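Every number in this text was worked out from the coordinates using simple rules, so none of it is lab data. Since we're looking at a predicted model, the values are computed, not measured. Neighbour counts are summed over all protein chains in view; Cβ atoms, including those assigned to glycine, are modelled from backbone coordinates with ideal geometry.
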Amino acid sequence: MRWVILGAGGMLGRDLAFSLAGEDAAALTRADLDISDLSAVRAAVDGADVVINAAAWTNVDGAETSESAATAVNGHAVAGLATVAGKRLIHISTDYVFDGTATSPIPENTRQAPINAYGRGKAVGEKAVLAAGGYVVRTAWLYGEHGPNFVRTMLKLAESRDTVDVVDDQVGPPTWSFALAQQLVALARSSAAPGAYHGTAAGATTWFGLARAAYEIAGLDPSRVKPTTSSAFVRPARRPSYSVLGHDAWAGTGVDPLPDWRASLEEAMPALLRSLRTE
């Protein structure tokens, strides 16, 4: 199989490139390819058997004041990509296409209802990919050893602060980017039908619960993490209060849903700590 990874310089993209080491895989960063340039995208994916799009505008708050720019990347550029990649495309999306008001895991076929500019742009991209017969894999609360993310930030703050205040009224599934990368590769190798899938860890916690777990697993005192509410951290973009996604679509595909978030965090921690020591 010939693979093309778009957004290969990001957290998930780097894990995808590692997972496909030794394969015929082109790992293209933003410097290598502007996904808004349709002619360049067409040339880049020509001859590929699988195209995994991990490229995105990821500045959620910035999208509030630059919605057209964010949607150009997350929506219109993805629509162009879908026209040339079609059924070969696996596109990474987000829980932000939902409104966050659910109280039980959100099924894959739930109607889109984004509550911020970032989510609206991602919803545009999703619709185009699904209309073209491709795959949409939504993820949430992603962390890993590469680049900035919540878990690395919490561990870094432990070096300079006695305590940290962390929101305890948002619920989600902390998801290890490396585990997701492996699941995406398995999906591409499977005979799973095109459509929407949820690539998130099993179980759920709050940001406060995740930070405490990270401290505990890293050998730090978890009591240094203090709970607070979202009202203490007002952000330009609204955040979903509930981001737990259902995994029913994986049944019968031969691809396993991701394991429990706590078990994955324990497995990921050595690499996370190494990455902080080598900064």
With the crude spin-label approximation of a point 7 Å out along Cα→Cβ, what separation in nm comes out for R224 versus R189? 4.0 nm
Under 5 Å, built H, 5+ apart or other chain: amide partners of L89: V51, Y135
List, in order, the whole-Hz ³J(HN,Hα) value for each residue of segment 259-270 obtained from phi through the Karplus relation with A = 6.51, B = -1.76, C = 1.60 and θ = phi - 60°; use x for Gly and Pro. x, 4, 4, 5, 4, 5, 4, 4, 5, 7, 4, x
Calculate one ³J(HN,Hα) per residue across segment 83-89 by plugging θ = phi - 60° into the Karplus curve 6.51 cos²θ - 1.76 cosθ + 1.60, and present them in order as whole Hz with x for glycine and proline. 5, 9, 9, x, 5, 7, 8
Between the DSSP loop rule and a limit of at most 16 other Cβ atoms within 10 Å, which GluC sites (Glu not before Pro) in segment 1-84 are left? E23
Out of A214, A69, A232, a Gaussian network model of the chain with alpha-carbon springs under 10 Å gives the largest mean-square fluctuation to A232
Taking θ = phi - 60°, what integer Hz values does the Karplus form 6.51 cos²θ - 1.76 cosθ + 1.60 yield along segment 163-176, in sequence order, with x for Gly and Pro? 9, 9, 9, 9, 4, 10, 10, 10, 10, x, x, x, 10, 6
In nm, what is the difference between 0.36 nm times the number of residues separating N59 and A43 and their Cα-Cα distance? 3.0 nm
Going from the fewest other Cβ atoms within 10 Å to the most, one would list D37, D15 as D37, D15
Taking R0 as 41 Å, what FRET efficiency do you get between D32 and T103 from their Cβ-Cβ distance, rounded to the nearest 0.05? 0.45
Fluctuation leader among V234, V151, V171 - the chain, Gaussian network, Cα springs under 10 angstrom: V234
I need the peptides 220-229, 95-104 ranked by packing, meaning the mean over residues of other C-beta atoms within 10 angstrom, with the highest value on top. 95-104, 220-229
Cβ-based net charge around A21, under 13 Å, with every Lys or Arg adding one and every Asp or Glu removing one: -2
Among the aspartates and glutamates, select those whose C-alpha is under 20 Å from the C-alpha of K156, and discard any that sit fewer than 8 residues away in the same chain. E145, D165, D168, E216, D221, E266, E267, E279
Interchain or sequence-distant (5+) residues whose placed amide H lies within less than 5 Å of the amide H of W57 are N74
Cross-link partners among aspartates and glutamates for K127, C-alpha distance below 14 Å, same-chain residues fewer than 8 apart left out? E108
Out of (1) 53, 39, 38; (2) 61, 42, 37; (3) 54, 42, 36, which label holds the value of Cα extents along the principal axes in Å that was computed here? (1)
Find how many whole Å separate the alpha carbon centroid of segment 1-39 from the alpha carbon centroid of segment 85-153. 19 Å
Would you please give the residues with an amide H less than 5 Å from that of T94, counting only those at least 5 places away or on a separate chain, with H modeled from the backbone geometry? T139
Within 10 Å of each candidate Cβ there may be at most 15 other Cβ atoms; applying that plus a DSSP loop requirement, which chymotrypsin sites (Phe, Trp or Tyr not before Pro) in segment 187-268 survive? F233
Fully extended, how many nm does the chain gain between T110 and R277 (0.36 nm per residue separation, minus their Cα-Cα distance)? 56.0 nm
